[in-house]
Amino acid sequence: MTETDAGFRRHLRRSLAELSIYDAPPADASWVRLHANECPEPWPTEVLADLAEVVRGIELSRYPDTSGRALRAILADRLGVRPCEVVLGNGSDEIIGLLVTALSGRADATVVVPRPTFVMYAHTARVLGLRVVEVDLREGFALDEPALRAALADEAVCLCFLARPNNPTGTLWPRATIEALVRDHPHVVFVVDEAYAAYAPEPSMFRPDRPENFVLMGTLSKVGLAALRVGYCVAHEDLARALDTVRHPYNVSQTSLALAARVLERHAHVLDAMVARTKVQRDRLARIVARLPNAVVYPSAGNMVLCRLPAPAASALSAHLRRHRILVKTFLDAPGFPGAGAYGYLRASAGTAADLDRLEAALDRWRPPSTGPAGPGR
Ligand SMILES: Cc1ncc(COP(=O)(O)O)c(C=O)c1O
């Protein structure tokens, strides 16, 4: 695109040309969908019947509450904060956009993220024209604290996103390291993204008396409610007000607000049981994947398992699984993954027990490319 382009193209943000669309293949229930880190445990029929009643009661002709006050109050109560500190988003993806928009006051505003991590942090910042500094993780996907500190020292850094547990690696970075980073860089807003915290072996690192540059981000997407698109953050009251200024009114639909509130108020124990089953499935998934020849499986505190394979095996296995109508996320030559070229990485989410039965059956028929069709199984 050049300055002389006619029509709308001359107005497009330059950053968009280098960015790709976040997209996932359409897949119905005939697929085993292990590519999006959902919690696909089925909701019990009696819960679905109760939720159907909630939907029936929705006044379709009316707007929802502008900021989802009732749901914010429920979340605030659970977290021990005031509702004015809670902001709802249409998924936490929207919260990322609100934070980047609100905090990009400086022309050289910079966002620091580890790599690899959830792609939408850097993507959103780049869309809005911010500088992004990506700090590669160390061996075993550990945080590189000295490199992070070097990046965070820059006065232009407004935000640092840390997913705990991290996606796609499943790593649970030490809370003491994060607390020290937050304490030592008061000019940076640290967003601790606990999208997968329900699956972690230790409790949330959120405390109501947190420092004012600490933001907790969460979502209902990873605990069985991805269809609703309900995400949230807890931020200092002044920052929450700034986010609300950016946020469009009515950003979360009445259906989503009402269903989320009902689940949290009446069916939280069911949700907890679904998460507990998913943790069991995640551990089974790790055992299944570990049997693949030459696989390195990384310990996961999330609902997904990441594994490293020789590059040809990674792409062939991904195609093999697709032929068996199983979707996983494949990283080939992706920046931040060690051994680019030599290794590829596959990330699969835990799935249901039936999903894992199908995965096991497909892997039983898998022969790595180097050994050919007559080679040993997994
Ligand atoms: C770490 C992390 N944070 C946030 C999100 C976004 O979740 P949602 O927009 O569905 O709330 C994801 C989605 O995969 C994620 O992996």
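Given only helices, namely DSSP H runs of n ≥ 4 each adding -39500 (n - 2.57), what is the per-residue ellipticity at 222 nm of the chain, to the nearest 500 deg cm²/dmol?
On the way: 11 runs with 133 residues, N = 378.
Computed ellipticity for the chain at 222 nm equals -11000 deg cm²/dmol.
Search the structure for amide H atoms under 5 Å from the amide H of V132, placed 1.01 Å from N in the peptide plane, and list their residues when 5 or more places away or on another chain.
Long-range HN contacts for V132: V111.
Give me the percent relative contact order of the chain, please, defined on Cα pairs under 8 angstrom at least 6 residues apart. Write down the numbers at each step before the final one.
Numbers: 675 pairs, mean separation 81.1, N = 378.
About 21 percent, as a whole number.
Considering only protein heavy atoms and a probe of 1.4 Å, how much of the accessible area of the chain is carbon and sulfur, as a whole percent?
54
Hey, can you find the accessible area per residue of the chain for me, probe 1.4 Å, expressed in square angstrom?
Averaged over the residues of the chain, the accessible area is 47 Å².
Write down, largest first, the equivalent ellipsoid semi-axes of segment 1-126 in whole Å, where each equals the square root of 5 times an eigenvalue of the alpha-carbon gyration tensor.
Numbers: eigenvalues 241, 107, 67 Å².
So the three semi-axes of segment 1-126 are 35, 23, 18 Å.
Determine the order of K222, K329 by accessible area, beginning with the largest, at a probe radius of 1.4 Å.
K329, K222
Can you compute the charge dipole magnitude of segment 46-267 about its Cα centre, using +1 on each Lys and Arg Cβ and -1 on each Asp and Glu Cβ, nothing else charged? Give it in debye, rounded to the nearest 20.
For segment 46-267, the charge dipole is close to 340 debye.
Report, in debye and to the nearest 20, how large the dipole of the chain comes out about its Cα centre when Lys and Arg carry +1 and Asp and Glu carry -1 on their Cβ. Show your work: numbers first, answer last.
On the way: 44 positive and 42 negative charges, 204 e Å.
Roughly 980 debye for the chain.
Using only the Cα atoms of the chain, what semi-axes does the equivalent ellipsoid have when each is the square root of 5 times a gyration tensor eigenvalue? Give whole Å, largest first.
Semi-axes (√(5λ), whole Å): 33, 28, 21.
Using +1 at the C-beta of Lys and Arg and -1 at the C-beta of Asp and Glu, which of L181, L216, G231 has the Cα lying farthest in the positive direction of the dipole of the chain?
G231
Roughly speaking, what % of Cα-Cα pairs in segment 87-217 are separated by over 26 Å, rounded to a whole number? Write down the numbers at each step before the final one.
Values: 1081 of 8515 pairs.
The calculated P(r) of segment 87-217 puts 13 percent of pairs beyond 26 Å.
Work from the charge dipole of the chain (Cβ charges, +1 for Lys and Arg, -1 for Asp and Glu, about the Cα centre) and give the residue of G336, G302, A24 farthest towards its positive end.
The Cα lying farthest towards the positive end belongs to A24.
Highest mean first, what order results for 31-41, 144-154 on Cβ atoms within 10 Å?
31-41, 144-154
Using only the alpha carbons of segment 46-267, determine the length spanned along each of the three principal axes and report them from longest to shortest in whole angstroms.
That works out to 54, 38, 31 Å along the principal axes.
Mind telling me which of L75, L12, L162 comes out most flexible in a GNM of the chain, alpha-carbon contacts under 10 Å?
L12
Tell me, what is a quarter of the convex hull surface for the C-alpha atoms of segment 57-133, in nm² with one decimal? Write out the running numbers ahead of the final one.
Values: hull surface 29.8 nm².
The directionally averaged projection comes out at 7.5 nm².
The values are calculated or read from the model by the stated rules, or taken from the named source; none is laboratory data. Please read these numbers as outputs of a predicted model, since none were measured by experiment. Because the Cβ atoms are built from the backbone with ideal geometry, glycine has one as well, and the counts that use them run over all protein chains shown. SASA here: full protein model, heavy atoms, side chains in, ligands and nucleic acids out. Shrake-Rupley method; radii C 1.70, N 1.55, O 1.52, S 1.80 Å.
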